Amino acid sequence: IPEDTNGKEVIEAIKQKHPLIAHYFGKPKIGVKLQKQDSEIMAAVLCKLAVQGIPALPIHDSLRVKAINELQVVEIMKSEYKRITGFKIEVT
């Protein structure tokens, strides 16, 4: 980042680029709330996989699974994300 970068201008540029989330900038504790929701999603996914006997290794926001389980895991991730957030998501 160049030394003469103005932080307020950067934030405004991000808000203009992403107007659907612009109202969240500066909202108290939004980062903590999103981190909690993220961990709830991952915990729910891991629980479902365990019940189905699918081994999975969580790494940040992703999972390492056997290739033969990939499509099933993706569907579980999508389902749990929608159940917890109310939104559909693409998983790649």
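Brief remarks on what is shown
- Dipole magnitude of the chain, debye to nearest 20 (Cβ charges: Lys/Arg +1, Asp/Glu -1, about Cα centre): 420
- Here is the list for the chain: GluC sites (Glu not before Pro) lying in DSSP coil, each with at most 11 other C-beta atoms within 10 angstrom of its C-beta, are Glu3, Glu90.
- Ranked by solvent-accessible area (1.4 Å probe, protein heavy atoms only, all chains present), the residues Val51, Val45, Val32, Val65 order from largest to smallest as Val51, Val32, Val65, Val45.
- Sequence-distant contacts, meaning Cα pairs under 8 Å at least 6 residues apart, place the relative contact order of the chain at 18 percent.
- Whole-number accessible area per residue in Å² for the chain, which is evaluated in the context of all protein chains at 1.4 Å: 83
- Solvent-accessible area, 1.4 Å probe, carbon plus sulfur percent, for the chain: 59
- Cβ-Cβ FRET estimate between Lys88 and Ser62, R0 fixed at 25 Å, reported to 0.05: 0.85
- Entry note: the chain has Rg to Rh equal to 1.11, where both radii use alpha-carbon atoms and Rh is the Kirkwood radius.
- Karplus-based coupling profile of the stretch 31-38, in residue order and whole Hz: x, 5, 5, 5, 4, 5, 4, 4, with θ = phi - 60° in 6.51 cos²θ - 1.76 cosθ + 1.60 and x standing for Gly or Pro.
- Trypsin sites (Lys or Arg not before Pro) restricted to the stretch 1-68 and DSSP loop, no more than 11 other C-beta within 10 Å: Lys29, Lys66
The values are calculated or read from the model by the stated rules, or taken from the named source; none is laboratory data. Note that the coordinates shown come from a computational prediction; the quantities given were computed from them, not determined experimentally. Using ideal geometry, Cβ is built from the backbone for each residue, glycine included, and neighbour counts are taken over all protein chains shown. Note: accessible area is taken over every heavy atom of the protein model, side chains too, but ligands, DNA and RNA are not part of it. Shrake-Rupley method; radii C 1.70, N 1.55, O 1.52, S 1.80 Å.
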